[in-house]
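The values are calculated or read from the model by the stated rules, or taken from the named source; none is laboratory data. Just so you know, these numbers come straight off a predicted model, no measurement behind them. Cβ coordinates were reconstructed from backbone atoms using ideal geometry, including for glycine residues, and neighbour counts include every protein chain displayed.
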Amino acid sequence: MKQIVDRLRQEAARLLAAGDVAMVIGYAKGTDVARTTPYFATNEEEAQNLTWNPFCTNNLVKYLLDFRFEDTKLAVVVKGCDSKGINRLIYDRQFPRERVVVLGVPCGGLLDRSKVLATIDPGAELQSVEDLGQEFVVRTDHGEFTFAKEQYLLPKCAVCRNPNPVISDVLLGEELPVAEEEKSDTFDDIVEMEALDPAAKSAFWDRHFNRCLRCYACRNVCPACNCRECAFEQAVPGWQQEACWLSKKASVDNNYTFHLIRMFDVTGRCIDCGECERVCPVNIPLRKLYRKVIKDVQELFGDTTPGLNIGDGLPLTSYRKEDPEEFM
Amino acid sequence: MPRIGVFVCWCGSNIGGVLDCPQLAREAASFPGVVYSVDYKYMCSEPGQNLIIEAIKEHRLDRVVVASCSPRLHEETFRKALARAGLNPYLLEMANLREHCSWVHAKEPEKAQVKAVDLVRRAVAKAALLQPLVSSQIPVTKRCLVIGGGIAGIQCALDIADAGHEVILVEREPTIGGNMVKLDKTFPTLDCSACISTPKMVAVASHPNIKLYTYAEVAEIGGYIGNFKVKIKQKARYVDHDKCTGCGTCWEKCPSKVPDDFNGGLGTRKAIYIPFPQAVPNKPVIDANHCRVFNNKKCRVCEKLCPTGAIDYEQQDTFIDEEVGAIVVATGYELFDWTKAYGEYGYGMYPDVITGLQFERLVNAAGPTGGKIKRPSDGKEPKTVVFVKCVGSRDEAKGKSYCSRVCCMYTAKHAHQLLEKVPDSQAYIFYMDVRTPGKGYEEFYQRTVQDGAIYVRGRVSKIYQSGDKLVVRGADTLLGRPVEVKADMVVLATAMQPAAGVETTARLVGAPVDQDGFIQEAHPKLRPVETHTAGVYVAGCCQGPKDIPDTVAQASGAAAKVVGLLSHSKMSTSAMISTVNEALCTGCMLCEPVCPYKAIEPKVITERLPGQPPRERTVAAVNSGLCQGCGCCNVACRPGAIQVKGFTNEQMLAEVDAICL
Ligand SMILES: Cc1cc2nc3c(=O)[nH]c(=O)nc-3n(C[C@H](O)[C@H](O)[C@H](O)COP(=O)(O)OP(=O)(O)OC[C@H]3O[C@@H](n4cnc5c(N)ncnc54)[C@H](O)[C@@H]3O)c2cc1C
Ligand code: SF4
Ligand code: SF4
Ligand code: SF4
């Protein structure tokens, strides 16, 4: 892990010094031991603040959009899961490939912050982390801790199929081996949900959508949600304010509409980075929604998870003669 | 607040017999925005339309709802009425009380009445949000492309050219004429097919307004109605037609013999050939697949013998660009390949089981037997011939579900020709039905019956060779007993299907095909020669099986449509087309691939925001000439930036609310 951090700082400094990029978007030390913060390095000195460890959860790709109308080049640090977001933005024509230098990190998984904090004092100072394959060794000024991956990884990382970036200009470490059986998704979580009877499903989502605050954090973080103006925030004519299905009101039915529309909009486009679920302040299991449609699209059109290639046509906007037409 | 008028039509008893129209009109008066409502017997009639016009003036109506039949039928009628009253024609909304209500719910009038009220409320809610729309003007290139030079394409090209417009006729074979020139005589009048078609072929070749490309294909089509850009691929003929005089020395001396597809594989032709003596153009092409030179063998006989030096083995395919305003698809048909589907008839193993088109060549004086009916296996004159109808037609399991329309008639013709030409012959015809709708057709069939043709109602279940006879087994379903005929030859009336490559042509012109692969007409009754793509028309058997009279009629119909289009130098486009809200458009261009009419392109705009330097970004742009207002793009657009005018989200939601809330 130390090597990756060194390579990262070196590479970032080099890019910035040479004027190849105007900014490197990466991670820096966060407010507690198990946190990092997105960091925007614009010079060689700042590049030394960049870091990499199993607490680098944020998908930084979306920040590119803040700079979409400038003509400068940017570098961004991505893990395997985040890297699909780069392809999303390129395919959606939201960010040109030429303007981004992708610093890819082969990622051994992220640690679940809440579990880690149950063991380490949040105030402790993080000194270094070592990836031993099956476990992480975390050294702090409060001592050394070992976290078995099996127990401590984030759920999404436990079943990760793309630890290596699918797109990168500079790979900051050795590619990690992926076992053949790990390459395809079995959707166990979705199969389980599908087995519920409609009433139970409805109760499940009622309970969750009831709590949605309409903070739009899921939308804001999502690389697939890249509209200029969200349909839920467009000025609507007077008569629509009350009755409109695109109401901003946080009530169960309106929240359903919001989440289902978002679900349809990311159908065939969601890269399954899981950021939406992570940022949700009330812990709505959003990934279940989108993974359900990923599964459906895969079954219908045989496509893989979107974002693995830039060139992947979107299943819902491309036509192939073999496409199923059972509704005709 | 809009001033809406509601006009409820009885449609005689069609609507009035089920629904209480006066009550509907009274109820409609209470809907928000409605200032006038009335019912009338026939709203589409002259007095009905005048009633609308008068009411618009008297009550200062600015939106009109007509509750009557399907907008497909009378939307145009009422739009024109609005225009006559000085109102923008798009301020009209229709409620379909007939097809959507009175016809389907005739048995439950009370419930129908409730639904009718909802339908009218829906229309009123949408009408309140209607905006005046205007159509734009696009220039028209006064030339037409006709694809396919069968009798359909020939007739169409001649009609358009005679009206004074230039025609580009593209035929993929070395000659025009299509299937008709292969026929011997044509039912029901038995006039000689070549005698009536070759003069038309010559007329095409010599017409000053027709540019003929044979042995050519359409490679690309871009643009839109009035402004198509076409790329034509002229396949290499290896004969310079400017030098060639058509003297015939080459094909007489060419040593390479090839089965003759023009004659249905009966007989042979040379590697350098004209398909038949009256071919237009009457100059040969080299079939590179069979020419010795192209197969690395010594030869070059034609080159040596050609008196004008026209042979050019180095010739390449060339591409020609043409601009046209209209396109007619007339690519015709081919016969269903029965040999792949009908094992019980021998999968094509028995040489004396032939198709109707092969029979045409056998009786044709210009055919491989000089017009003598001789069976292919041993050249003997067949005395007993069995004709089997509906091979591949009306047989969903093995072939097509549809009826090919011409087989009943040409089989009667073939039986008649056999009985006439071969003394003491017998014709057995196995049939499911005899269908003879057409002028003089039933009489023609009866004549064949009187000639002595034996019609057996039933399918043939097996054909097999026994000695030099073909044993045909079937059932006579009228007498309810099995039948067995020992025949010398069997003629199968195989189904007609769209000519190979129709999907490619359909894709090029952007017209959909139906489930059987025929080009889909825009409306089976009211727009039979138009397709769903504006400026693209259809004629002949590529639209569906038909005989020559119908083909020619349809071709002239398509020509009339083309001439109508080309008679204006500018045309107005539909007003109800897609439009992009550039502020919302993210430029993702996902709308582009879903548009079936290729109407969307990226365009770069310069955006000026206060306090920021001007910046460029890509947005979608809709070509008003191409867009048909289908709405596919609306669905693909996440931010809702692209919407069809007259079907905006706002309007649709108002309708949904009016019905559901
Ligand atoms: C056995 C038989 C007997 C018949 N007898 C009679 C009869 O007696 N009386 C009667 O009224 N009808 C008869 N018919 C029906 C008649 O043949 C058709 O009605 C008529 O030929 C249809 O003409 P068409 O121009 O639509 O098609 P076609 O004759 O098939 O012409 C289509 C032309 O388009 C060309 N083409 C195809 N694709 C392309 C392409 N992609 N690019 C360029 N060119 C292309 C083809 O080469 C062809 O020249 C008979 C049919 C059969 C099968
Ligand atoms: S929907 Fe969620 S998982 Fe999918 S791309 Fe967006 S943020 Fe990632
Ligand atoms: S789909 Fe919508 S946002 Fe995307 S280019 Fe088309 S109009 Fe613009
Ligand atoms: S409505 Fe949209 S998809 Fe349909 S033709 Fe017009 S631009 Fe194309």
Return yes when B:VAL622 is within 16 Å of ligand 3 (Cβ to nearest atom) and within 12 Å of chain A (Cβ to nearest Cβ) and no when it is not. no
Of the numbered conditions (1) surrounded by 19 or more Cβ atoms within 10 Å (Cβ to Cβ); (2) near ligand 4 (Cβ under 10 Å from one of its atoms); (3) not β-branched (Val, Ile, Thr), B:GLU592 satisfies every one except a single condition; which is it? (1)
Kindly provide the set of residues from segment A:202-234 that are free of Cβ contacts under 8 Å to residues at least 60 places away in the same chain, more than 14 Å from chain B (Cβ to nearest Cβ) and away from ligand 2 (no atom under 15 Å from the Cβ), ordered by number. A:SER202, A:ALA203, A:PHE204, A:TRP205, A:ASP206, A:ARG207, A:ASN210, A:ARG214
Confirm whether A:GLN94 is modelled with pLDDT of 90 or more, of a type in the set (S, T, N, Q) and more than 30 Å from A:ASP265 (Cα to Cα). no
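For every residue, the table says whether it meets (1) more than 14 Å from every other protein chain (Cβ to nearest Cβ); (2) within 9 Å of ligand 2 (Cβ to nearest atom); (3) in contact (Cβ under 8 Å) with a residue 24 or more places away in the chain.
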{"position": "A:TYR256", "(1), (2), (3)": "yes, no, yes"}
{"position": "A:ARG262", "(1), (2), (3)": "no, yes, yes"}
{"position": "A:CYS273", "(1), (2), (3)": "yes, yes, yes"}
{"position": "A:LEU286", "(1), (2), (3)": "yes, yes, yes"}
{"position": "A:GLU299", "(1), (2), (3)": "yes, no, no"}
{"position": "A:THR304", "(1), (2), (3)": "yes, no, no"}
{"position": "A:PRO315", "(1), (2), (3)": "no, no, yes"}
{"position": "A:TYR319", "(1), (2), (3)": "no, no, no"}
{"position": "A:PRO324", "(1), (2), (3)": "yes, no, yes"}
Return a yes/no flag: does segment B:575-586 have any residue that is within 26 Å of A:ALA235 (Cβ to Cβ), within 9 Å of chain A (Cβ to nearest Cβ) and not in a loop (DSSP other than H, G, I, E, B). no
Taking the criterion of being assigned by TED's automatic domain parsing to the domain that holds B:ILE147 and either of a type in the set (Lys, Arg) or within 29 Å of B:LYS185 (Cα to Cα) (or both), would at least one residue in segment B:311-328 satisfy it? yes
Return a yes/no flag: does segment B:565-581 have any residue that is within 13 Å of ligand 3 (Cβ to nearest atom) and not polar (S, T, N, Q). yes
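Here's the yes/no breakdown for (1) in the same structural domain as B:VAL34 (by TED's automatic domain parsing); (2) farther than 17 Å from B:ALA25 by Cα; (3) surrounded by fewer than 15 Cβ atoms within 10 Å (Cβ to Cβ):
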{"site": "B:GLN49", "(1), (2), (3)": "yes, no, no"}
{"site": "B:ARG60", "(1), (2), (3)": "yes, yes, yes"}
{"site": "B:ALA67", "(1), (2), (3)": "yes, no, no"}
{"site": "B:SER70", "(1), (2), (3)": "yes, yes, yes"}
{"site": "B:GLU75", "(1), (2), (3)": "yes, yes, no"}
{"site": "B:PHE78", "(1), (2), (3)": "yes, yes, no"}
{"site": "B:LEU82", "(1), (2), (3)": "yes, yes, no"}
{"site": "B:GLY86", "(1), (2), (3)": "yes, yes, yes"}
{"site": "B:GLU93", "(1), (2), (3)": "yes, no, no"}
Candidate set from segment B:636-661 (those that are at the interface with chain A (Cβ under 9 Å from one of its Cβ atoms) and among the charged types (D, E, K, R)); member that is surrounded by the most Cβ atoms within 10 Å (Cβ to Cβ): B:ARG638
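Results for (1) of a type in the set (Ser, Thr, Tyr); (2) outside any helix (DSSP H, G or I); (3) modelled with pLDDT of 95 or more; (4) within 16 Å of ligand 3 (Cβ to nearest atom), shown as yes or no for each residue.
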| residue | (1), (2), (3), (4) |
| --- | --- |
| A:TRP205 | no, no, yes, no |
| A:GLN240 | no, no, no, no |
| A:LYS249 | no, yes, no, no |
| A:ASP253 | no, no, no, no |
Of the residues that sit in segment B:625-635 and are more than 12 Å from chain A (Cβ to nearest Cβ) and not small (Gly, Ala, Ser), which one is farthest from A:PHE258 (Cα to Cα)? B:LEU626
Taking the condition modelled with pLDDT under 90 and in contact with a Leu (Cβ under 8 Å, 6 or more places away or on another chain), does B:PRO593 pass? no
Looking at A:ILE284, A:ILE310, can you tell me which residue is crowded, with 17+ Cβ neighbours inside 10 Å and of a type in the set (Val, Ile, Thr)? A:ILE284
Looking only at residues in segment B:60-97 that are in contact (Cβ under 8 Å) with a residue 40 or more places away in the chain and among the aliphatic types (A, V, I, L, M), which one is nearest to B:LYS525 (Cα to Cα)? B:LEU97
Does B:ILE147 satisfy the criteria of being surrounded by 22 or more Cβ atoms within 10 Å (Cβ to Cβ) and either within 14 Å of another protein chain (Cβ to nearest Cβ) or more than 16 Å from ligand 3 (Cβ to nearest atom) (or both)? yes
Scan B:TYR333, B:TYR345 and give me the residue that is more than 25 Å from the chain's Cα centre (by Cα) and surrounded by 18 or more Cβ atoms within 10 Å (Cβ to Cβ). B:TYR345
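Conditions (1) under 30 Å from B:LEU335 (Cα atoms); (2) more than 10 Å from ligand 4 (Cβ to nearest atom); (3) at pLDDT below 90; (4) assigned by TED's automatic domain parsing to the domain that holds B:THR531, marked per residue:
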residue	(1), (2), (3), (4)
B:THR551	yes, yes, no, yes
B:GLY557	yes, yes, no, yes
B:VAL562	yes, yes, no, yes
B:GLU582	no, yes, no, no
B:CYS588	no, yes, no, no
B:ILE605	no, yes, no, no
B:GLN612	no, yes, yes, no
Within segment B:445-463, is even one residue in contact (Cβ under 8 Å) with a residue 40 or more places away in the chain and of a type in the set (Phe, Trp, Tyr)? no
Residue tally, condition under 21 Å from B:VAL181 (Cβ atoms) and either buried (at least 18 other Cβ atoms within 10 Å of the Cβ) or not assigned by TED's automatic domain parsing to the domain that holds B:ARG405 (or both), over segment B:358-375: 11
What do you reckon, is B:VAL604 within 14 Å of chain A (Cβ to nearest Cβ) and within 11 Å of ligand 3 (Cβ to nearest atom)? no
The correct count of residues that are of a type in the set (A, V, I, L, M) and in a loop (DSSP other than H, G, I, E, B) in segment A:260-285 is 4
Among the residues of segment A:74-122, write down those that are within 16 Å of ligand 2 (Cβ to nearest atom) and under 20 Å from A:GLN134 (Cα atoms). A:LYS79, A:GLY80, A:CYS81, A:CYS107, A:LEU110
